[in-house]
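Computed from the coordinates by the stated procedures, all read-outs in this text should not be read as laboratory data. Just so you know, these numbers come straight off a predicted model, no measurement behind them. Cβ sites come from the backbone with ideal geometry, for glycine too, and all protein chains shown count toward neighbours.
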2 protein chains.
Amino acid sequence: MKQAKKKAFRDFITQKGLKSTRQRDVILDCFLASARHISIEELYLKLRAKNPNIGYATVYRTLKLFAESGIAREIQFGDGQTRYEHATEGEHHDHLVCTRCGKIIEFENETIEKLQEEVAKSHGFLIENHKLELYGVCSLCKK
Amino acid sequence: MKQAKKKAFRDFITQKGLKSTRQRDVILDCFLASARHISIEELYLKLRAKNPNIGYATVYRTLKLFAESGIAREIQFGDGQTRYEHATEGEHHDHLVCTRCGKIIEFENETIEKLQEEVAKSHGFLIENHKLELYGVCSLCKK
DNA sequence: GTTGCTTTTGAAAATCACTTTCATTTATTG
DNA sequence: CAATAAATGAAAGTGATTTTCAAAAGCAAC
């Protein structure tokens, strides 16, 4: 599955006439080896540990490419930081976000999705994408 | 209902030992007379029309107070601008956001809320608040 | 209403998360 | 290997929001 994403990104690069560079490889490896929802800052710091002179801008640019290529997805939890999650083809999930420790749990719920479609339809709306986040306290922080 | 909010804010001010100022009155009036989802920029410009020397910072600070007092709620639709909506005690609504014209439609759906609770419970999560936004094309923009 | 103390205000500077610029370096292609 | 086009890193630039700070305005007790 990591291989599949690497291939997907390589294909994207070739198809767009872009270049395959050492930085892009390094960033991709680091991204794929990271938690499912990583902020740019976090990824940048992780990268700097091994690659002391990789540029901030390069990380930003590369993550945008990941999103474009479909292997990552931008998400924002309202804390002012953009995060990137590993995107899996055609899949979408929603999030439970712990406001205490920052833990993020993913979930999917068919019924909710269906109801969303109904709501949209009743307003003549065509849904392109959606965002559902439940903010609260996770089981560990509740204690 | 506007009176209720004015009172609620006055009460908040007193209870917190803050001061009632001309600016806060003006901003509150302007906010209450505005569309349900107004950006800070929009509100600021509206205010400047009548109060040429009100400060940007004051508007920001005051809107934060509104949110704290419960008469307004911060929302972000991912366009990089914070908006404030009129908050009604204990009520929460979700949004349909047209990605073409920016129109925002509010909706509420009991069943979705109930399902959210179930999802949360199954993860031992305690929901404090949530955010559901459906992005897409509104009926007018579809044509 | 005047005094004294605290909060608020506005303007400008600072911050924060990105984005752009640009000279230099690096891939790819002939 | 040269030519060319894209990518990189450092630094400057953005845009939204915050902070700073001196001056102004509320509020309470005289």
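For the reader, a short list of remarks on this structure follows.
- Per residue of chain B, the DSSP helices (runs of n ≥ 4 H) give a summed -39500 (n - 2.57) that works out to -14000 deg cm²/dmol at 222 nm.
- Options A:Ser39, A:Ala57, A:Phe12, ranked by Cα towards positive dipole end of chain A, top entry (Cβ charges): A:Ala57
- Mean partner shielding of peptide A:110-120, defined as the number of other chain Cβ atoms within 10 Å of each residue Cβ, is 5.
- Under-5 Å amide H pairs with A:Tyr135, H placed in peptide plane, nonlocal only: A:Val97, B:Glu128, B:Asn129, B:His130, B:Lys131
- Note on chain A: with a GNM built from Cα contacts shorter than 10 Å, the maximum mean-square fluctuation among A:Glu42, A:Glu117, A:Glu108 falls on A:Glu117.
- Ranking of B:Tyr56, A:Tyr44 by count of other Cβ atoms within 10 Å, fewest first: B:Tyr56, A:Tyr44
- Annotation: the residues A:Cys101, B:Cys138, sorted from fewest to most other C-beta atoms within 10 Å of their own C-beta, follow the order A:Cys101, B:Cys138.
- Each Lys and Arg contributes +1 and each Asp and Glu -1, all at the Cβ; summed about the Cα centre of the range B:94-142, the dipole is approximately 360 debye.
- Against chain A, whose longest principal axis is taken from its Cα atoms, helix A:2-15 shows a tilt of about 70°.
- Cα convex hull volume per residue for chain A (Å³): 147 Å³
- Sequence of B:Glu89, A:Glu85 once ranked by neighbouring C-beta atoms within 10 Å, starting from the fewest: B:Glu89, A:Glu85
- Pseudo-label separations to other copies for A:Gln3 - Cα-to-Cβ vector, 7 Å, nm: 7.4
- Under Karplus coefficients 6.51, -1.76 and 1.60, residue-wise ³J(HN,Hα) of the range A:26-37 in Hz, glycine/proline x: 4, 5, 4, 4, 5, 5, 5, 8, 9, 4, 4, 10
- Most positive-pole-ward Cα, A:Gln81, A:Gly70, A:His123, against dipole of the protein assembly as shown from beta carbon charges: A:Gln81
- Reach of A:Lys121 by Cα under 16 Å, taken over aspartates and glutamates that are not fewer than 8 positions away in the same chain: A:Glu113, B:Asp94, B:Glu106, B:Glu108, B:Glu133
- From the Kirkwood radius over Cα pairs of the protein assembly as shown, Stokes-Einstein at 4 °C and 1.567 mPa s returns a whole-number translational diffusion coefficient of 60 µm²/s.
- Calculated label separations, B:Gly55, copies of the chain, 7 Å along the beta-carbon direction, nm: 3.8
- Most mobile listed residue (B:Glu68, B:Glu41, B:Glu118) in chain B, GNM with C-alpha springs under 10 Å: B:Glu118
- Think of each Lys and Arg Cβ as +1 and each Asp and Glu Cβ as -1; about the Cα centre, that makes the dipole of chain B roughly 880 debye.
- Residue among A:Asn53, A:Asn109, A:Asn129 with the largest mean-square fluctuation in a Gaussian network model of chain A, springs linking Cα atoms under 10 Å: A:Asn129
- Distances between equivalent label points of B:Glu91 across the copies, with each point positioned 7 Å along Cα→Cβ, amount to 3.9 nm, shortest listed first.
- Within chain B, the cysteines lacking any other cysteine Cβ closer than 4.7 Å to their own Cβ are B:Cys30, B:Cys101, B:Cys141.
- Unit charges on C-beta of K, R, D, E only; dipole of the protein assembly as shown, Debye: 1300 debye
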